[in-house]
1. Taking θ as phi - 60°, what are the ³J(HN,Hα) couplings along the stretch 199-210 by the Karplus curve (6.51, -1.76, 1.60), each to the nearest whole Hz, with x for Gly and Pro?
2. Quick one: grab Rg to one decimal and Dmax as a whole number for the stretch 135-289, Cα atoms only, in Å.
3. Under a Cβ-Cβ cut-off of 12 Å, what is the net charge of the residues other than residue 121 that fall near it, where Lys and Arg count +1 and Asp and Glu count -1?
4. At residue 39 and residue 198, where each label point lies 7 Å from the Cα along Cα→Cβ, what is the point-to-point distance in nanometres?
5. Given 0.36 nm per residue, what is the gain on full extension from residue 28 to residue 46 after removing their alpha carbon distance, in nm?
6. Dividing the convex hull volume of the alpha carbon atoms of the stretch 112-200 by its residue count, what do you get in Å³ per residue?
7. May I ask you to derive the FRET efficiency for residue 251 and residue 144 from their Cβ-Cβ distance with R0 = 41 Å, giving the value to the nearest 0.05?
8. Using the Karplus equation 6.51 cos²θ - 1.76 cosθ + 1.60 (θ = phi - 60°), what ³J(HN,Hα) coupling, rounded to whole Hz, does each residue of the stretch 49-55 give in order, writing x for Gly and Pro?
Amino acid sequence: MIGRGSRRGRDVAVLLDDFGHRLPPQPSANAAPRERGPFTQLVPGRGIRGRGRGRAAALAPLSVWRMTSEQTPVVWPLIATSGLPPTGAQMGLDLLSGGAFYCDPVGWVTDDDIPVTNPNVVVFGKPGRGKSATVKAFALRMLAYGYRTLVLGDTKDEYEPLCRALGVEPFVIGHGLPARVNPLAFGPLGYGWKRLDAAEARRREALVFARWLVLLRGLVASQAVPFGPVEETAVGEALRLLTGYRSGATRLTEPTIPQLWQALDEPPPELVSGCRYADRRPLPRRHPDPARRARFPGQGLPGRAVRRPHVDRRRLARPDSVPVAVPPRAAR
């Protein structure tokens with residue numbers, strides 16, 4: 001008698017065969033011969049027993065040697081790979097992995113697959129360790145990738161030979177030198193001004209003149225001269241007249257600080273009416289600080305006007321005098 005637990009059911013092939021359906025036989029796969037390993041048996045520490053088998057009765061004394069991953073990169077299994085891809089200029093060796101180090105900060109930031117969000121690089125080290133040489137090598141090698149380098153200040157004349165070797169004449173700025181820098185330049189905001197619509201022109205006008213006023217406020221304040229709302233209005237109106245924006249010119253003219261000084265020193269009628277003054281008078285050419293008066297003669301914002309001038313009657317007593325408008329105080 002066959003127990004219940006020993007019964008086996010029919011598989012799918014037998015079940016289909018009972019109903020007259022035969023499945024094609026499954027071909028048997030030939031087992032591939034197993035390759036024999038290079039080490040067929042474990043060798044004991046003293047060697048294999050037997051004559052001529054190389055067994056040693058005593059173990060040889062071994063000395064322990066320590067080595068770094070740089071000396072044995074093949075044996076050491078924990079070599080740290082570089083976390084940045086090999087893009088950009090090759091700058092040297094990675095001290096952690098021992099491989100080549102590549103540097104491309106801007107390319108790293110623009111690539112979303114690289115976890116770098118800041119392209120700024122700070123180079124620091126002891127004097128004479130090669131900081132400037134590394135920066136110059138990096139700037140020279142990145143030229144092959146379409147990058148351009150702007151050196152804002154070369155205090156030690158280290159980048160001048162590199163510029164001349166690349167066919168670039170550096171700008172030399174200083175006292176008595178012909179090169180000049182105009183802080184009132186339009187920059188990229190002045191490109192294509194005549195093709196702008198009214199809304200874009202007003203937006204750019206607000207940005208340009210706001211930046212110029214911040215710059216001029218800092219320059220004036222550095223000479224211990226007050227620069228309040230009245231002065232800001234006069235300077236802003238003078239800049240708009242010099243550039244041609246107030247007259248609706250399609251092509252604006254870049255002003256200079258001497259031109260601005262001349263416009264404030266001898267304000268034209270358009271500037272006086274634009275500031276809504278009734279008249280104008282020259283500002284006294286005396287600096288409030290006597291110690292700075294000799295160094296900076298004629299400081300101050302010229303062309304400040306008043307709304308209600310009066311005539312100095314004391315000068316009328318002289319036969320060769322002319323009535324002069326002298327205000328009691330400046331308009332604030």
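What follows is calculated from the coordinates using simple rules that are stated; it is not laboratory data. Remember, predicted model here, so these are calculated numbers, not experimental data. Positions of Cβ are generated from backbone atoms using ideal geometry, with glycine treated the same way; all protein chains shown enter the neighbour counts.
1. Going residue by residue, I get 5, 5, 5, 5, 5, 5, 4, 5, 5, 5, 6, 5 Hz, with x marking Gly and Pro.
2. For the stretch 135-289, the Cα radius of gyration and maximum Cα-Cα distance read 20.3, 63 Å.
3. Details: positive: 131; negative: 104.
That works out to 0.
4. Taking the simple label geometry, residue 39 and residue 198 are separated by 8.9 nm.
5. Working: separation 18, 0.36 × 18 = 6.48 nm, distance 4.71 nm.
Extending this stretch completely gives an extra 1.8 nm.
6. Numbers: hull volume 20.8 nm³, N = 89.
Spread over its residues, the Cα hull of the stretch 112-200 gives 233 Å³ apiece.
7. Values: r = 39 Å, r/R0 = 0.94.
Rounded to the nearest 0.05, the efficiency is 0.60.
8. My calculation for the stretch 49-55 gives 5, x, 6, x, 8, x, 6 Hz in order.
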